[in-house]
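Report on one structure; see the data block that follows.
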Amino acid sequence: MKRKLMEQMLSWKEKSAGKTALLIDGARRVGKSYIAEKFARENYKSYILIDFNRADEQVRTLFDQYLNDLDTLFMYLSAIYKVKLYPGESLIIFDEVQLCPRARAAVKYLVADGRYHYLETGSLLSIHENVADIVIPSEERHLKLYPMDFEEFLWALDETALLGVIRNNFEKRQPLGQALHRKAMTLFRQYIIIGGMPQAINAYLQTKSFEEADLVKRDILELYRQDIAKHARGYERKVSSLFDEIPEQLSKHEKKFTLAALGRGSRFRDYESSFLWLEDSMICNICYNSTAPNVGIRLNRDRNTLKLYMGDTGLLISLAFDENGLISEDIYQKLLLGKLDINEGMIFENIVAQMLTASGHKLYFYSNPSRNDSGERMEIDFLISKRRTTDRHNVSPIEVKSGKRYTYSSLKKFKEKYKEELDVPYILHTADLAEKEDIRLLPVYMAWLL
């Protein structure tokens, strides 16, 4: 499967390999090992893949015994993995490097040696037990790998021609027309249902069965539960409670996470580490309230008011519906046709959060629940900043609408109040591209282009 990250990896090889090691960070099962080996196979004369899920103690101890004798270290690695190494033309991959912290610490010396190039992949990289007692090497160049976005999904489905139309019409601000828009929305709903986890997409491509994809997603959810139990030591119950509560919290009209649902007297300071664990693991995406939409969105962040999204919407659907068994084909059909009798806003808002995150945006929203002044009462789903900051008009507000009939009074009030700070306001909806009252209405499948 084609991944956008490959271009950044090639850029690293051309400009920085030999001076830094490349570290690919991501949640479990997003395809880190796959892209690492594909990159090695296509761009190097030889490579060694050290999978620390499988590597025995003999391999692990090499990084303790021979850091002062790298000739011997490379001789042993070459013999164990039966691979000849070529200076400047070989790559050594440390797969799931968090399982062998001393190998990660060794990167400093290996890069300084300069003979070969190094690529690391890892999950839960910042979790304390995985970095205890080691000096994290400054020679690491970090890249994040997320679930496949809609563009990558269409690549997998060999729909490159449609992608060209979507990008062209986004740039020219032209509607696609009824036939192409309907096709794009059908494919986008398939993407929502399946999600962006490569194994789930592959299962669907092989079988054309949503149920087979759902089986894969449930395996991944179980893996995440095991990670929480194993690695969130001391507060695993709190992390599990937050994880299980996500669908119910997002199904509310106001999707801000309410700790009262976890028990009377629950306070944010008691759960802050649990929220951060889920964010660091890249299982979830956190969206913080920003109290003012100016150039310093982060400076106006209210850390106590947040929304918690699943990192992958396909996993959210499998978590939300019939947790004890497979989702019925009837539910899938209703999701596909947009006729499910639930708050679809939960699903659409989560997929937009997922797509904005994969595009490099930090997630912020705006909420003013004023009880005294209705003119001040407003809620904006997302705020994104322009890539290049100017004197004014740096922030775009985004409203996500899953239904065909909707109002946008909050966006109008927000636009009027902060007109000096705002760039283009957007509504992401299920209809075709249009413009109305200086607001750009985009089909939701264009979110990855923002």
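The values are calculated or read from the model by the stated rules, or taken from the named source; none is laboratory data. Remember, it's a predicted structure, so these values are computed and weren't measured experimentally. FYI the Cβ positions are ideal-geometry reconstructions off the backbone, even for glycines, and counts take in every protein chain you see.
Looking only at segment 434-450, which residues are charged (D, E, K, R) and on the phi < 0 side of the Ramachandran plot?
First pass over segment 434-450, keeping only residues charged (D, E, K, R): 435-438, 440.
Result: 435, 436, 440.
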Q) Can you pull out the residues in segment 171-211 that are crowded, with 17+ Cβ neighbours inside 10 Å, over 22 Å from residue 349 (Cα atoms) and either over 22 Å from the mean Cα position of the chain (by Cα) or of a type in the set (A, V, I, L, M) (or both)? A) 176, 203
Q: Could you list all residues from segment 388-407 that are within 21 Å of residue 294 (Cα to Cα) and either exposed (fewer than 10 other Cβ atoms within 10 Å of the Cβ) or among the hydroxyl-bearing types (Ser, Thr, Tyr) (or both)?
A: 388, 389, 390, 391, 396
Q) residue 399 passes all but one of (1) within 21 Å of the chain's Cα centre (by Cα); (2) at pLDDT below 80; which number fails? A) (2)
Q | Number of the condition not met by residue 439 [criteria: (1) within 30 Å of residue 211 (Cβ to Cβ); (2) modelled with pLDDT of 90 or more] | A | (1)
**Q.** Cβ-Cβ under 7 Å pairs, at least 6 apart or on other chains, segment 364-388 side assigned by TED's automatic domain parsing to the domain that holds residue 256 and more than 16 Å from residue 353 (Cβ to Cβ), far side among the aromatic types (Phe, Trp, Tyr) and loosely packed, with under 15 Cβ neighbours inside 10 Å
**A.** none
